[in-house]
Structure formats: C-alpha cells, structure tokens
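The values are calculated or read from the model by the stated rules, or taken from the named source; none is laboratory data. For clarity, every value in this text was computed on a predicted model and none was experimentally measured. Heavy atoms of the whole protein, side chains included, go into the accessibility calculation; ligands, DNA and RNA do not. Shrake-Rupley method; radii C 1.70, N 1.55, O 1.52, S 1.80 Å.
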Amino acid sequence: LTIMDLSMPQPDGFAVLSALRSDERLKSTRVLMLSGSTSVPDRQKAEHLGVNWYRVKPDSLDGYRDLGSEIMEIVLA
C-alpha cells in the first residue's frame, strides 16, 4: 500500500502514480491518494491513472481518526 499526497514537490502525485502503474513490478501496488483538492478533474485524472482510492484530506481530528480507521480496513482487506 502506498499513501501519497497529490501535491508534492517534483514529482507530483500524478507523476508518481503514473510511474507506479507503468512499472511491471509495482503496477499492482495499491495506492491511496490524499489531497486537499476537491476538484473533479483531479479525482478523474487520478482514477484514469489507476488510483485505488482518492480521499480529500479531513479538516478535523475526528476526520483523521475516521481516515485512519478506513486505512486500517484497506490494509486488512
């Protein structure tokens, strides 16, 4: 499982996701992309590149707790 932000210094999350999906050894890696972006085009681009999960970063501590629980479900699935 790889958890990454969309907005990272070079390369950005889209470039990293694209590299993961184009490498035969890594293309099956599950990817959770976190972003502050609620942009539909950003989500669509991530989905087009093969992201498994796209989540907008929570804006509260409870939101991060919920996200942590969701990540644990993903890892244990």
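Across region 7-13, computed HN-Hα scalar couplings (Karplus, 6.51 cos²θ - 1.76 cosθ + 1.60, θ = phi - 60°) run 9, 10, x, 3, x, 7, x Hz from first to last residue, x flagging Gly and Pro.
Overall, the accessible surface of the chain at a probe of 1.4 angstrom is composed of carbon and sulfur to the extent of 54 percent.
Distances between placed amide hydrogens fall under 5 Å for residue 5 paired with 34, all partners being 5 or more residues away or on another chain. Two numbers describe the Cα atoms of the chain: Rg and Dmax, which are 12.5, 38 Å.
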